[in-house]
Structures are given as C-alpha cells and as structure tokens.
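What follows is a short report on a single structure.
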Amino acid sequence: MGELHVLFFPMMAQGHMIPTLDLAKLFASRGVKATLITTPLNQPVFSKAVDKYTQLGFQIQIRLLEFPGVEVGLPEGCQRTDQIPSDDAIPSFFNACAMLQHPLELLLQELRPHCLVADMFFPWATQAAAKFDIPRLVFHGSSYLALCATHTLRHHNPFINATSDSQLYTIPNLPHQLQLTRLQVSPFQRSEVEAPHTEILKRVMEAEDISYGVIYNSFYELEPDYAEHYKNVIGIRAWSVGPLSLYNRELEDKAERGKKSSIDEHECLKWLDSKKPNSVVYICFGSTATFAPSQLHEMAMGIEASGVEFVWVIRNKREEDNGSEKWMPEGFEERTKGKGLIIRGWAPQVLILDHEAIGAFVTHCGWNSTLEGVSAGVPMVTWPVFAEQFLNEKLITDVLRTGIGVGSKEWKRSNSDGVKREAIAEAIKKVMIGEESKEIRSRAKTMKDKARKAIEEGGSSNLDLTSLLDELRAYHAK
Ligand code: UDP
C-alpha cells in the first residue's frame, strides 16, 4: 500500500485542539498524510502551523465542517466549549457536535483515509469509521490515572449516595490509594440521578470499549502503574506518544499555541530574563475554568502575601462586570509593579514555563498544563477546578510528589470559589522556598529528563508511535 492517510478530529476546545494539532504534526513528520478536521471559526488555531509544515514539505491539511450551533439554539459564533454561554447550554453544544456525524461520513467517503483519530467527546465517530472499515482511535487528551479511575468508578463508585460531602473515600482497585471527597468528583459521578452530561459521558465510555484503541498524550515513565492498569486490568489497547508539547522546539511554535498571545513574547522573555533562576511563580488556569470575583480577590491577596515574584494570566473578563476588574484589591498593580507581570488574555505558556526564571507553576491541573509543567521540570501548586483535574492533582501531589495543593474542595465548572489567601500563599512558599522545595524540585527535574528521553529516538513514546504506525500499515495491507 502507499502512504497512510489519517484524519484527526478534535473537540472544539483549546485543551483538545492544541494537542491534536501537535499529534497531527507528529504523524506528518513520520511520513503520514494528516488531515485535521474542524469548524470554520476554529481554523485559525491550526492554519499557521499547517502552512509552516506544508512549506517544510510535510503532508498536512485542514478540512472544515459547518457547525450547526444556531440550529440547536446556540448563539451565532459559538463554536468552542469556552464560548458556551451557560452550563445549561452544554447539552445543546454536544447535540450540535453529534450532528457532525453525517458530514463527517461524507468526508470519509470522499477522502477514504486509513484511520480516524477522533476526540473522546465524539463517541459516534466509532460508528462512522466502522461504515468505512477503518480503525477509529480515541484521543482523550487525559492521563492514564484519570481514565483508570473513571473506568473503575463505573463499576464500584463509593461517591454515589455517599452520606458525607467532606469525608475522603478511596477510589477502589487502583495501584495507589487515591482519595477524594464527594464534592471533588463530577456531578455525574456523585449520584445516579442524571446530571446534564450523564448520557454523553456514558456513550464516551462505551465507545472507548469498542474502539480500536486509545492514543495517550502521556509517556510511560510518568505513570507506568496506570498505563499497565489501563491496558491489562481495564483491558483497552493504548499507545503513549507524549508529551506532545515537547515536539515544539522553535520559539514561534512554543509562543503561539491555540491563540495569539496577548503579550509580545520578546517583551515577556525580557521581563523573565531580568529575574533570578527559579524565582518567579507562573499562575494560569487554562482556557475554560472560571472563578468567582471573591476568589480572584483572594487569589491576588494570596499571591501578594507569598512575597514571591509572579507572572499571572488573568483570563476572566466577566461579561457581567463589563470587563472591569472590581475584584482586584485596591492598589494591587501599583504595589506589585516590577515584581509581578499580569497577562490579560492568552499567555505563551510553554515558552514561559521553559524559562529558567520560573520556579513553580500554579495550575488548575488541566492535562495539557500538567504535562507542560512536568516537561519543564517545575514544581506545581495544584488548584483543580473541574473535569478530571482533581484526579490529575493526585498524580502530582500523591504519586509523583512534585507539587503541593492549595486545598481546592469543590468540583465546579464555573465561578469556582472557596480557597483562602493563607492557603494560596502557604502552598506557593512551600514549593518555592520551603524545606520540602529542594526535594520537590529535584523530583520534578528527574521527570523532566524522563519526558525528554521518551520522545527521543528509541524512547518509550517514540517506540510506541512506531509500533502504532506499523500496526496501522499492517491492518490495511491485509
Ligand atoms: N494555554 C496557553 N495560554 C494560556 C492558557 C492556556 O497557551 O494563556 C494553553 C496551555 O499551554 C495548554 C492549553 O492551553 O496547552 C490548556 O489546556 P489544559 O488541558 O491545561 O486546560 P483546559 O483549557 O483544557 O482547561
């Protein structure tokens, strides 16, 4: 047979599109023809990188599918999860996604690829691929640990009908004793009564069971017990090919991921260059999580109380505040001038994390951010908010022991609140300058080295990708 042609279809969310673009580039760099599928308003996330890769001689292209958002009652222009106007509108967004099955099948008919790599949130993609007799691989963009826990909770769930919100319960049958409270798991996992996403999440799990296998943006050495558990106990085939962000080696690739940065990257680097190694804490909560104004106020007070220099990415321009920042403590910016750099909007995260001035990362534990922090070798202050972030936190604080939590107590998709300034300041000080910080930093550096080795020639992720590509070629040669 000729070259492999693989289609990549990520959920329209920054945390899914960014690693899928990296994945498609990686496949293209290994001689595969890669086609990225997205909706018209999300094309800019991919176009610059795709143009650059095409000019370099790789085969990579974008194909667009119209998004039927308005048909299901979403506002005009809402084509990404962070644009969903309220939690009530989430099911409509998923309905619009499911309506993409037919246009996707028309595209499969036209392009006749050898494999479809589709996002976890598109469970219907498995049926679409089956119609054309091609393997459907799932791309989760999540950790093995989180997926192992999620699968386990399907069968043995101590949180359902638990009597206490604050008592710790052990997630059963996992390699480590991981404990969460009922409030730290999703509403879907808390009760048998249907939560807004219950149906879709059930279908996601079922599709994973019957798909060809799962591609993980992870590497074996990061969570070996969970990679083994997933394959041998849960029984689903999987390949680890990450950390994907590490394949971006040039400044411009690291600087512009997902969106154009709100700060000139050279200005940002100049500011960091003026700081001592390991002296600055980087604070950023991904693309979707939002905080209550009272929490943002507390955050500012905590950062200031830590006395540590910082880069703080503030994303929530709350519409109800007309974009004002009434929560900001009076005089905060003047008092922290020179000590702190506030980036309003989108930061060149990977570039910042890789700078030697960065001594710690306050993160919401989104999987991409977690891996980017691991790849940069920085200790983390963990502040999970929703999705599978509380599970990723456990990997950092309990398994890898490369971070310390602020004590986030409740899973909440928006308006997260409840973490006190003292806890924030204490966690930042502990990872930056406290007694434990040396050991935490040393463990983080060891993991950084392992991450880099994994993607090199002969490394675990490099070999796993080779075996996946060999298998796909053999599948079609048959
Ligand atoms: N990101 C970025 N600049 C920002 C915020 C986020 O480049 O200001 C990137 C970050 O590097 C990561 C992705 O957006 O690759 C966020 O994914 P993650 O899984 O961490 O969180 P999510 O946004 O899905 O909650």
* Mind checking which pairs have a first residue in region 328-356 that is modelled with pLDDT of 95 or more and of a type in the set (D, E) and a second that is assigned to a helix (DSSP H, G or I) and within 13 Å of the ligand (Cβ to nearest atom), Cβ under 8 Å, 6 or more apart or different chains? -> D354/K254; D354/A376
* Based on what the data block shows, is S191 in contact (Cβ under 8 Å) with a residue 60 or more places away in the chain, small (G, A, S) and over 18 Å from P10 (Cβ atoms)? -> no
* Looking only at region 379-410, which residues are part of a helix (DSSP H, G or I) and touching a helix residue (DSSP H, G or I) at 6+ places or on another chain (Cβ under 6 Å)? -> F390, L391, N392, L395
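Taking the conditions exactly as written (of a type outside the set (G, A, S), part of a strand (DSSP E or B) and closer than 17 Å to K254 by Cα), does I343 satisfy them or not?
It is true that I343 is of a type outside the set (G, A, S), part of a strand (DSSP E or B) and closer than 17 Å to K254 by Cα.
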* To do: Residues that are away from the ligand (no atom under 16 Å from the Cβ): find the helices (runs of 4 or more DSSP H) completely inside region 248-330 holding 3 or more of those.
  => 265-273, 293-306
* Asked: Using beta carbons and a limit of 7 Å, which pairs, at least six apart or on different chains, have the first residue in region 164-181 and at pLDDT below 95 and the second one surrounded by 13 or more Cβ atoms within 10 Å (Cβ to Cβ) and of a type in the set (A, V, I, L, M, F, W, C)?
  -> D165/L183
* Find all pairs meeting these conditions: Cβ atoms under 9 angstrom apart; at least six residues apart or on different chains; first residue within region 115-128 and within 11 Å of I215 (Cβ to Cβ) and crowded, with 22+ Cβ neighbours inside 10 Å; second residue at pLDDT 95 or above and of a type in the set (D, E, K, R). => C115/R136; V117/R136; A118/R136
* Would you pick out the residues in region 1-30 that are closer than 18 Å to Q61 by Cβ, within 16 Å of the ligand (Cβ to nearest atom) and β-branched (V, I, T)? -> T20
* To do: Tell me which residues, restricted to region 198-233, are within 25 Å of W124 (Cβ to Cβ), among the aliphatic types (A, V, I, L, M) and modelled with pLDDT of 95 or more.
  => V214, I215
* Asked: From the list A24, A28, which residue is in contact (Cβ under 8 Å) with a residue 12 or more places away in the chain, closer than 22 Å to G286 by Cβ and not polar (S, T, N, Q)?
  -> A24
* **region 361-375 residues that are under 19 Å from S437 (Cα atoms) and in a strand (DSSP E or B), paired with ones that are within 6 Å of the ligand (Cβ to nearest atom) and at pLDDT 95 or above (beta carbon under 9 Å, 6 or more apart)** => F361/C284; F361/S369; F361/E372; V362/C284; T363/C284; T363/G286; T363/S369; T363/E372
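The rows are residues; the columns are (1) small (G, A, S); (2) surrounded by fewer than 17 Cβ atoms within 10 Å (Cβ to Cβ); (3) in a loop (DSSP other than H, G, I, E, B).
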position	(1), (2), (3)
V419	no, no, yes
E422	no, yes, no
E426	no, no, no
K445	no, yes, no
S467	yes, yes, no
D470	no, yes, no
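The values are calculated or read from the model by the stated rules, or taken from the named source; none is laboratory data. Quick caveat: nothing in here was measured; it's all calculated off a predicted structure. FYI the Cβ positions are ideal-geometry reconstructions off the backbone, even for glycines, and counts take in every protein chain you see.
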